[in-house]
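One structure is given below, encoded as structure tokens.
The values are calculated or read from the model by the stated rules, or taken from the named source; none is laboratory data. Predicted model, so just to flag it, every value in this text is computed and none were measured. Neighbour counts run over all protein chains shown; Cβ positions are idealised from the backbone, glycine included. Ligands, DNA and RNA are excluded from the accessible area calculation, which covers all protein heavy atoms including side chains. Shrake-Rupley method; radii C 1.70, N 1.55, O 1.52, S 1.80 Å.
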Amino acid sequence: MGDATLIVGRNSLLARALRDCGGVPNCRYVGHDELDRPDLLDGIGRIVNFAYHPELRSGPYRAELDIDLRLGRAAAELGLDYVMLSTRKVYAPEYAFGAAEDGPVGPIDPYGRNKLTIERVLANLLGERLTILRVGNVVGYDRLEARPSFMSLMLGRLAGENRIMLDVSPFVRRDFLPVEQVAAAIRAVLNHRLVGTYNVGSGACVEVGRMALWVIEGFGRGELVVTSPRIHDEFVLDVTKIVTATDWSWPSGALPEYCRSLGRRLAKAESRVDG
């Protein structure tokens with residue numbers, strides 16, 4: 001066992017942001033397709049996994065698709081520390097507004113159920129060597145169709161149709177955190193060598209319609225179309241635990257300008273395509 005940190009899933013949005021923000025010494029980044037390398041764990045003392053099989057986002061749990069299980073078994077055998085990227089969707093919806101780490105769990109979709117299953121499997125394998133990060137809604141310049149996040153869907157529709165469509169009320173409130181700040185929080189967790197379960201979010205909520213309008217404002221054109229008045233999937237994370245345990249914090253008042261900057265970046269990219 002060594003002191004290096006193995007980052008698995010180097011092409012994920014969060015892993016790339018962690019690499020860009022730097023500040024975690026002795027990291028080694030690998031893709032999910034490199035797990036059979038015989039030297040994979042040479043000199044490694046800790047594994048951080050960002051890789052996740054896409055079929056586990058919408059289908060039933062299947063152990064053979066579980067990258068965390070595969071890596072967790074190796075970590076348990078070698079006595080390595082392990083950091084799992086989980087989700088706020090493990091919390092029961094009726095307790096999701098202000099959810100703390102010891103709050104009731106009760107996921108209602110396959111993604112949340114599978115992540116909770118993986119949390120429990122890893123806890124049995126690793127005990128006190130496990131760190132679980134329950135991440136809220138991540139926003140960033142993400143336009144990969146294979147990863148249909150809230151922001152990637154907004155940016156894609158705005159670029160293609162000059163509009164953003166919401167299938168919920170624009171007054172639905174959710175906890176959003178820029179990807180760079182999520183990466184900074186993960187960096188703080190790693191550098192403080194925290195173990196246990198931690199929420200990673202802004203600790204504040206914003207209406208989804210405001211998010212959309214800020215992006216449109218930065219883009220310079222477009223409209224917001226609401227197709228349903230339903231109030232659905234409201235949540236905000238209690239981040240007291242991670243803020244208290246580290247030197248990380250996030251000024252939630254910076255979110256409007258951040259969203260406008262994503263719109264401006266989209267407009268610039270589209271102007272290059274048109275030109």
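Miscellaneous remarks
- Segment 5-20, residues that are crowded, with 16+ Cβ neighbours inside 10 Å and either without any contact (Cβ under 8 Å) to a residue 60 or more places away in the chain or within 16 Å of the chain's Cα centre (by Cα) (or both): 6, 7, 8, 9, 10, 12, 13, 14, 15, 16, 17, 18
- Verdict on residue 175 being more than 27 Å from residue 133 (Cα to Cα) and within 22 Å of the chain's Cα centre (by Cα): no
- Test for residue 7: is it closer than 16 Å to residue 132 by Cβ and at pLDDT 95 or above: no
- In segment 109-132, the residues that are in contact with a strand residue (DSSP E or B) (Cβ under 7 Å, 6 or more places away or on another chain) and not in a helix (DSSP H, G or I): 130, 131, 132
- Any hit, segment 157-170, residues being open to solvent by 70 Å² or more (accessible area, probe 1.4 Å), of a type in the set (Val, Ile, Thr), at pLDDT 95 or above and part of a loop (DSSP other than H, G, I, E, B): no
- Evaluating residue 198 against the criteria (1) under 26 Å from residue 23 (Cα atoms); (2) surrounded by fewer than 20 Cβ atoms within 10 Å (Cβ to Cβ); (3) of a type in the set (Phe, Trp, Tyr) leaves one unmet condition, (2).
- Test: residue 104 is open to solvent by 20 Å² or more (accessible area, probe 1.4 Å), within 26 Å of residue 165 (Cα to Cα) and not charged (D, E, K, R): no
- Among the residues of segment 71-86, those identified as open to solvent by 10 Å² or more (accessible area, probe 1.4 Å), over 11 Å from residue 118 (Cβ atoms) and outside any helix (DSSP H, G or I) are 79, 81.
- So residue 48, is it touching a Leu at 6+ places or on another chain (Cβ under 8 Å), touching a residue at least 60 places away in the same chain (Cβ under 8 Å), within 30 Å of residue 204 (Cβ to Cβ) and of a type in the set (A, V, I, L, M, F, W, C): yes
- Number of residues in segment 23-45 that are in contact (Cβ under 8 Å) with a residue 40 or more places away in the chain and either loosely packed, with under 14 Cβ neighbours inside 10 Å or hydroxyl-bearing (Ser, Thr, Tyr) (or both) equals 3.
- Segment 201-221, residues that are open to solvent by 40 Å² or more (accessible area, probe 1.4 Å) and in contact with a Lys or Arg (Cβ under 9 Å, 6 or more places away or on another chain): 205, 207, 214, 217, 220
- If you go through segment 229-249 and keep only what is crowded, with 18+ Cβ neighbours inside 10 Å and under 14 Å from residue 137 (Cα atoms), you end up with 234, 235, 236, 237, 238, 239.
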